[in-house]
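Novice: Got a structure for you, written out below as structure tokens; questions coming shortly.
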There are 2 protein chains.
Amino acid sequence: MAETALTIVNGEIQANPFNTLSVLDRGFAYGDGVFETMLLDQGDIALWQYHLERLYEGLERLHIVLDKQRLYEQMVLTLSAIATHSASSGGSVTGVIKLIVTRGEGARGYMPASESQATLVTLFSPQTGNFRDDNTRYQTAGVRVHYCNEQLPLYPSLAGIKSLNQLPYVLASHERAALDVEEGLLFNLSGHLIEATARNIFLVKDNQLYTPGLSVCGVSGVMRRLILQVITERISVKVSEKVLTREDFYAADEVFLSNSVSGVWPIVQCEDCSWPIGPLTQKIQHEIGQYLQYGSMLSWSAFSLDE
Amino acid sequence: MAETALTIVNGEIQANPFNTLSVLDRGFAYGDGVFETMLLDQGDIALWQYHLERLYEGLERLHIVLDKQRLYEQMVLTLSAIATHSASSGGSVTGVIKLIVTRGEGARGYMPASESQATLVTLFSPQTGNFRDDNTRYQTAGVRVHYCNEQLPLYPSLAGIKSLNQLPYVLASHERAALDVEEGLLFNLSGHLIEATARNIFLVKDNQLYTPGLSVCGVSGVMRRLILQVITERISVKVSEKVLTREDFYAADEVFLSNSVSGVWPIVQCEDCSWPIGPLTQKIQHEIGQYLQYGSMLSWSAFSLDE
């Protein structure tokens, strides 16, 4: 994606992303908030319903109150500003919208003030040709991964949600800077395979699909949820959550990664082990493409505030 | 402490704390940074040397580069601005300086850019009479605590340092909002007593001092370090790090909490259990007072950049 082209803070379009945030914001002080990174596909937000539900699951876990109407108005303004910006710049209405919600400003001290008002930020990064070309190549030719040394902490309070406490993923991703691979696999302190630094993981074994459970750590991705709840049913494939180890990973027939923005990446290599881009992975890729293209009931355009 | 009276971002005094930070700052996006909360005592920063060392320990853990000269200039500017502000407002040169260092601005994605420049923020909150009176009362009459339901994650990568990933402490402190106690005790997922939400904990048993080790979770407080490395030696008391449980806590002769800003608070009650404000706790309080009052070699005024 390109640099941030649009910044909206608390319902106001900002001239630029700088000098727009209070240093007293608890998102900055403590990582006290949640975020979503969403694919904007020709003006429509893919899988909006799932993003919205995970956002509110996170807000409830953190006891942050956010009026749905306020969020809705911020999103309407964001989409209209993107349309205006794209029309005037000849730019794309395809890209990534990042939505950040924090507890708002606060005085010193961890205890949240009862009267604080949530901070709402949306950022838009248009899709570039480079991103599109790279991503198409990763989807069709697969990616190489490594094992991260960094291990995920066991922390049920934040498991599944996308909080602003993301240092485990920052530290894990830092390892990749010195390597020529596209992703890193993360295990928890118990040695269980959980996910990649920005993607969920699926294994195929004997035509069944497996993915790690995320009750003690990991991010519950919206593309993972789509695969679990919609795609596997449409193609009649059995899927289950399971404790997975490095050995299960080695022994798998096919392995792939999922992400709401970049889709499904087959894993073709990890250290001295390799996998084919298998038929089930390709079938799932195809089915996701079909589902998102033709009338997903989960997208922004199908969303109504009254529901 | 009072509201924030002074805000300095990257070497520039800000008119107010609002609209001073980039929404692209990785401190905001991922909690990608560290902070220190320091006592400014009549213009001098108590225990500066320990704060500085913990700050750099945290920066190294996160692979964030911060030029010491840049930090030094920010601190000199901060102290001079506080002196000017206090002289003009008739305010206090006693209070709290909060120093935040983040990895700086970044594009989307967890992987740190190699060229990002750290963001430096200092905030000053003058001491109020209310804070001073409350704190004196807590030091002399003791405090009541409760057991937090929230458990600390086991995460060696962040253990000991003060990162901006502070949701465990936010969630734990949130529990206290509905209770009439001053602090909450935190255990880790293995059931070991670790600390309080913003303080370290010490137990006295048979005239010896014990405090939990902090290799898998917890914050290594600078007041804790002073007690471990300086105070106990001056009063010839044995001290050791030890795995501690709820039962050890119940069975202790004296228990107290330590913090660099609020000093030592004796614990007098937790649920149906109570403790006296014992002689060793009082001796330690007295010795810390003496040490900080008379020529601490750890304070800002004793600090030289050449060292």
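The values are calculated or read from the model by the stated rules, or taken from the named source; none is laboratory data. Everything numeric here is computed off the predicted structure, so don't read it as measured data. Virtual Cβ from ideal backbone geometry, glycine too; neighbours counted across all protein chains shown. The area values use the complete protein model at the heavy-atom level, side chains included, leaving out ligands, DNA and RNA. Shrake-Rupley method; radii C 1.70, N 1.55, O 1.52, S 1.80 Å.
Novice: Which condition from (1) among the polar types (S, T, N, Q); (2) open to solvent by less than 20 Å² (accessible area, probe 1.4 Å); (3) closer than 18 Å to A:ASN135 by Cβ is the one that A:SER296 breaks?
Specialist: Exception for A:SER296: condition (3).
Conditions tested, residue by residue: (1) in contact with an Asp or Glu (Cβ under 8 Å, 6 or more places away or on another chain); (2) closer than 22 Å to A:GLY278 by Cα; (3) of a type in the set (Ser, Thr, Tyr).
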{"position": "A:PHE131", "(1), (2), (3)": "no, no, no"}
{"position": "A:GLY142", "(1), (2), (3)": "no, yes, no"}
{"position": "A:LYS162", "(1), (2), (3)": "yes, no, no"}
{"position": "A:ALA196", "(1), (2), (3)": "yes, yes, no"}
{"position": "A:ARG199", "(1), (2), (3)": "yes, yes, no"}
{"position": "A:GLN208", "(1), (2), (3)": "no, yes, no"}
{"position": "A:PRO212", "(1), (2), (3)": "yes, yes, no"}
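Novice: Of the residues that sit in segment B:9-28 and are of a type in the set (A, V, I, L, M, F, W, C) and at the interface with chain A (Cβ under 9 Å from one of its Cβ atoms), which one is most open to solvent (accessible area, probe 1.4 Å)?
Specialist: Taking the candidates together, the pick is B:PHE18.
Novice: Of all residues in segment A:280-293 being in contact with a helix residue (DSSP H, G or I) (Cβ under 8 Å, 6 or more places away or on another chain) and within 17 Å of A:VAL261 (Cβ to Cβ), which is most open to solvent (accessible area, probe 1.4 Å)?
Specialist: A:GLN285
Novice: May I pose another question? Right, A:PRO156: out of contact with any strand residue (DSSP E or B) (no Cβ under 8 Å at 6 or more places or on another chain), on the phi < 0 side of the Ramachandran plot and either within 12 Å of another protein chain (Cβ to nearest Cβ) or surrounded by 24 or more Cβ atoms within 10 Å (Cβ to Cβ) (or both) or not?
Specialist: Spelling it out, A:PRO156 is indeed out of contact with any strand residue (DSSP E or B) (no Cβ under 8 Å at 6 or more places or on another chain), on the phi < 0 side of the Ramachandran plot and either within 12 Å of another protein chain (Cβ to nearest Cβ) or surrounded by 24 or more Cβ atoms within 10 Å (Cβ to Cβ) (or both).
Novice: Only residues that are under 16 Å from the mean Cα position of the chain (by Cα) and not in a strand (DSSP E or B): list them for segment B:153-171, please.
Specialist: Answer for segment B:153-171, where residues must be under 16 Å from the mean Cα position of the chain (by Cα) and not in a strand (DSSP E or B): B:LEU158, B:ALA159, B:ILE161, B:LYS162, B:LEU164, B:ASN165, B:GLN166, B:LEU167, B:PRO168, B:TYR169, B:VAL170.
Novice: Answer with yes or no whether A:ILE64 is in contact with a helix residue (DSSP H, G or I) (Cβ under 7 Å, 6 or more places away or on another chain) and modelled with pLDDT of 95 or more.
Specialist: Numbers: in contact with a helix residue (DSSP H, G or I) (Cβ under 7 Å, 6 or more places away or on another chain): no; modelled with pLDDT of 95 or more: yes.
No, not satisfied.
Novice: From A:GLU150, A:GLU175, grab the single residue that is in a helix (DSSP H, G or I) and within 11 Å of chain B (Cβ to nearest Cβ).
Specialist: On inspection, the qualifying residue turns out to be A:GLU175.
Novice: Within the group A:VAL101, A:VAL93, which residue is modelled with pLDDT of 95 or more and under 20 Å from the mean Cα position of the chain (by Cα)?
Specialist: One residue alone meets the criteria, A:VAL101.
Novice: If you check every pair at least six apart or on different chains, which have Cβ atoms under 6 Å apart with a residue in segment A:270-295 that is farther than 14 Å from A:VAL204 by Cα first and a residue that is open to solvent by 30 Å² or more (accessible area, probe 1.4 Å) and aromatic (Phe, Trp, Tyr) second?
Specialist: Qualifying pairs under 6 Å: A:CYS273/A:TYR250.
Novice: To continue, here is another question. Scan (1) away from chain B (no Cβ under 11 Å); (2) out of contact with any helix residue (DSSP H, G or I) (no Cβ under 8 Å at 6 or more places or on another chain); (3) surrounded by fewer than 24 Cβ atoms within 10 Å (Cβ to Cβ) for the single condition A:ASN207 breaks and write down its number.
Specialist: (2)
To keep it simple, each residue is scored yes or no on (1) of a type in the set (Asp, Glu); (2) closer than 25 Å to A:TYR291 by Cα; (3) within 12 Å of the chain's Cα centre (by Cα).
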position: A:ARG199; (1), (2), (3): no, yes, yes
position: A:CYS217; (1), (2), (3): no, no, no
position: A:ARG234; (1), (2), (3): no, yes, no
position: A:GLU241; (1), (2), (3): yes, yes, no
position: A:GLU254; (1), (2), (3): yes, yes, no
position: A:SER260; (1), (2), (3): no, yes, yes
position: A:TRP265; (1), (2), (3): no, yes, no
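Novice: Another question about this same structure. Between B:LEU40, B:LEU52, which is within 14 Å of chain A (Cβ to nearest Cβ), of a type outside the set (Lys, Arg) and in contact with a helix residue (DSSP H, G or I) (Cβ under 9 Å, 6 or more places away or on another chain)?
Specialist: Details: B:LEU52 fails: within 14 Å of chain A (Cβ to nearest Cβ).
Step by step, each of B:LEU40, B:LEU52 is checked, and only B:LEU40 is within 14 Å of chain A (Cβ to nearest Cβ), of a type outside the set (Lys, Arg) and in contact with a helix residue (DSSP H, G or I) (Cβ under 9 Å, 6 or more places away or on another chain).
Novice: Of everything in segment B:93-117, what is surrounded by fewer than 22 Cβ atoms within 10 Å (Cβ to Cβ) and away from every other protein chain (no Cβ under 11 Å)? Give them in sequence order.
Specialist: B:VAL93, B:THR94, B:GLU115, B:SER116, B:GLN117
Novice: Next question. With the condition being closer than 28 Å to B:ARG108 by Cβ and assigned by TED's automatic domain parsing to the domain that holds A:LEU154, I'd like the helices (runs of 4 or more DSSP H) fully within segment A:189-307 carrying at least 2 qualifying residues.
Specialist: A:222-226, A:279-293
Novice: Something else: Considering only residues that are part of a helix (DSSP H, G or I) and over 20 Å from the mean Cα position of the chain (by Cα), which ones fall in segment A:24-40? So that I can check it myself, show each step before the final result.
Specialist: Of segment A:24-40, the ones part of a helix (DSSP H, G or I) are A:26-30.
Result: A:ARG26, A:PHE28, A:ALA29, A:TYR30.
Novice: Being facing chain B (nearest Cβ under 9 Å) and acidic (Asp, Glu) is the filter here; which residues of segment A:118-145 pass it?
Specialist: Answer for segment A:118-145, where residues must be facing chain B (nearest Cβ under 9 Å) and acidic (Asp, Glu): there is none.
Residues are listed down the side, and each one gets a yes or a no for (1) closer than 17 Å to A:VAL23 by Cβ; (2) of a type in the set (Val, Ile, Thr):
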| position | (1), (2) |
| --- | --- |
| A:ILE100 | yes, yes |
| A:GLY109 | yes, no |
| A:LEU120 | no, no |
| A:THR136 | no, yes |
| A:SER157 | no, no |
| A:GLY160 | no, no |
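Novice: Out of segment B:125-147, which residues are assigned to a strand (DSSP E or B) and either open to solvent by 60 Å² or more (accessible area, probe 1.4 Å) or at pLDDT 95 or above (or both)?
Specialist: Residues satisfying the conditions are B:VAL143, B:ARG144, B:VAL145, B:HIS146, B:TYR147.
Novice: To continue, here is another question. Out of (1) more than 7 Å from every other protein chain (Cβ to nearest Cβ); (2) modelled with pLDDT of 95 or more, the odd one out for A:ASP32 is which?
Specialist: (1) is the only condition that A:ASP32 fails.
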